[in-house]
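The values are calculated or read from the model by the stated rules, or taken from the named source; none is laboratory data. Predicted model only: the values in this text are computed from it and were never measured. Virtual Cβ from ideal backbone geometry, glycine too; neighbours counted across all protein chains shown. Remember, those area values only see protein heavy atoms, side chains included, never the ligands or the DNA or RNA. Shrake-Rupley method; radii C 1.70, N 1.55, O 1.52, S 1.80 Å.
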Amino acid sequence: METPKRKILFLGETFRADAITWINGLKEFGDFEIITWELKTPNNTFVHRMLRVFEFCLAYFSIKKIVKQEKPDMVIAERTTSYGFLAAISGVKPIAIAQQGRTDLWPENAITLPLKRIIQNYAFKKATLIHAWGPLMTVSMQEVHVDMKKVLILPKGIDLEAFENHNTANPKKINAIVTRSLQPEYCHDCIIEAFALLKKRGFDFSLTIVGDGKQLPFLKMLTKELAIDKQVCFTGRIPNSELPKMLQQANFYISMPITEGVSASLFEAMACQCYPIVSNIPGNQSWINQRENGQLITINDAEMLSNELLWAFENESYRMEAIQKNRLFVEKNANYSINMKQIAMQYHQLINLFKSN
């Protein structure tokens with residue numbers, strides 16, 4: 001008789017690329033059956049946020065109903081301050097939760113921060129396994145005395161067969177790409193202003209901005225005001241399957257977030273030989289060293305970004321050496337097929353342990 005597949009209940013936003021990678025990796029390398037649940041209310045207006053809080057408060061009953069019907073062998077969740085807490089009260093064991101950001105306590109000036117801290121500490125306490133997708137995330141965990149024996153420090157990685165080592169960009173022209181959500185915290189306006197400065201200095205470029213978000217109308221208007229709208233392409237949201245080709249047609253990857261955990265977008269760009277120029281924050285400092293394998297830019301400093309981009313463009317031999325180093329780094333540290341096999345194996349071991357007790 002064929003052994004039934006182990007079932008995992010995933011709590012999180014299934015449309016996100018990180019979640020898709022996690023889910024698909026568990027199916028492919030762990031042969032798991034994945035059941036998903038997520039909040040349905042959007043988070044884009046004050047009224048929606050209030051309705052979302054109400055939905056969150058009732059989520060316990062929805063999840064309990066799924067648990068009763070599906071009888072999952074394990075529950076996993078992204079974000080320690082939301083879905084991670086729901087996993088902790090689901091009644092399912094074992095529990096794996098993932099800290100998505102440097103702390104997950106964001107925004108740092110939010111009135112709800114004390115409540116989020118209580119929720120996070122409860123999730124940490126109840127979790128069987130805690131994912132830190134990079135070493136930076138462990139700093140905040142240690143500060144609140146998380147049992148570090150429960151923490152697995154390992155990125156999910158990226159699919160190196162899809163994001164292959166094949167760049168076709170013209171190295172004699174600046175062909176830059178941005179692949180972050182069009183939200184204020186990613187500072188796309190600073191990037192656009194930096195490219196406007198490049199145009200004033202007489203340098204040709206193309207800038208591709210991938211993704212969608214509430215700042216799209218503002219950013220399109222800004223490119224017109226700065227007279228670079230003919231050189232900037234807004235693609236909108238695209239299927240993830242189209243992203244590798246777009247990265248391979250660019251020679252610079254730009255990302256200017258004000259906060260960062262572990263960026264799969266950065267790994268994807270490094271794999272496709274895009275030279276990375278990113279904001280100088282701890283999440284990026286974990287992977288990029290200034291003028292060794294990329295460049296680090298002060299937050300919201302368009303002039304510095306423009307100058308550093310120009311420096312990298314004019315130092316082509318350095319840039320070529322850096323992108324080769326980056327590809328090797330990703331192959332060694334962020335290989336999806338290796339890392340997800342390890343994660344799936346740990347899940348099977350945890351399930352077997354709880355089944356035997």
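Which order do Ser181, Ser255 take when ranked by solvent-accessible area (1.4 Å probe, heavy atoms of all protein chains), largest first?
Descending accessible area places them as Ser181, Ser255.
Express in whole angstrom the spacing between the alpha-carbon centres of region 122-199 and region 207-264.
16 Å
Just from the alpha-carbon atoms, what are the Rg and Dmax of region 165-260 in angstroms?
My reading of the Cα-based Rg and Dmax gives 12.9, 37 Å.
Please give the contour-minus-distance gain from Lys27 to Ile118: 0.36 nm per residue of separation, less the Cα-Cα distance, rounded to one decimal in nm.
Contour length minus Cα-Cα distance gives 29.5 nm.
So if I take the centroid of the Cα atoms in region 313-352 and the same for region 1-67, what is the distance between those two points in Å?
Answer, in whole Å: 26.
Looking at region 93-201, which GluC sites (Glu not before Pro) are in a loop (DSSP not H, G, I, E or B) and have at most 10 other Cβ atoms within 10 Å?
Those satisfying the criteria are Glu108, Glu161.
Can you list residues whose amide H is under 5 Å from Val151's amide H, if they're 5+ apart or on another chain and H is modeled 1.01 Å from N?
The answer is Ile130.
Which order do you get for Trp133, Trp311 if you rank them by accessible area with a 1.4 Å probe, largest at the top?
Trp311, Trp133
Report, in degrees rounded to the nearest 10, the 0 to 90 angle that the Cα long axis of helix 302-314 makes with the longest principal axis of the chain.
For 302-314 against the chain, the angle is about 70 degrees.
Reachable aspartates and glutamates from Lys116, Cα under 17 Å, same-chain residues fewer than 8 places away excluded?
Filter leaves Glu55, Glu78, Asp104, Glu108, Glu143.
Of Lys214/Lys245; Lys125/Lys355; Lys126/Lys245; Lys214/Lys325; Lys71/Lys214, which sit over 30 Å apart, Cα to Cα?
Lys126/Lys245; Lys214/Lys325; Lys71/Lys214
Would you rank Arg237, Arg117 by solvent-accessible area, highest first, keeping every protein chain in place and using a 1.4 Å probe?
Ranked from most to least accessible, the order is Arg237, Arg117.
GluC sites (Glu not before Pro) within region 1-67: which are DSSP loop residues with at most 11 other Cβ atoms inside 10 Å?
Those that pass, being in a loop and sparsely packed, are Glu2.
Using only Cα atoms, find the angle between the long axis of helix 17-30 and the longest principal axis of the chain, and express it within 0 to 90 degrees, rounded to the nearest 10.
Approximately 50 degrees, to the nearest 10.
Sorted from largest down, give the three principal axis spans of the alpha carbons of the chain, whole angstrom values.
So the three principal-axis extents are 68, 45, 37 Å.
Report relative contact order for region 62-155 in percent, whole number only (criteria: Cα-Cα under 8 Å, sequence separation at least 6).
About 26 percent, as a whole number.
Read phi for every residue in region 229-241 and hand back ³J(HN,Hα) as whole Hz from Karplus 6.51 cos²θ - 1.76 cosθ + 1.60, θ = phi - 60°, with x for Gly and Pro.
After applying 6.51 cos²θ - 1.76 cosθ + 1.60, I find 5, 6, 9, 10, 10, 9, 8, x, 5, 10, x, 4, 5 Hz.
Which cysteines does the chain leave without a neighbouring Cys Cβ under 4.7 Å?
Here Cys57, Cys233, Cys272, Cys274 come out as lacking a disulfide-compatible partner, given the Cβ-Cβ threshold of under 4.7 Å.
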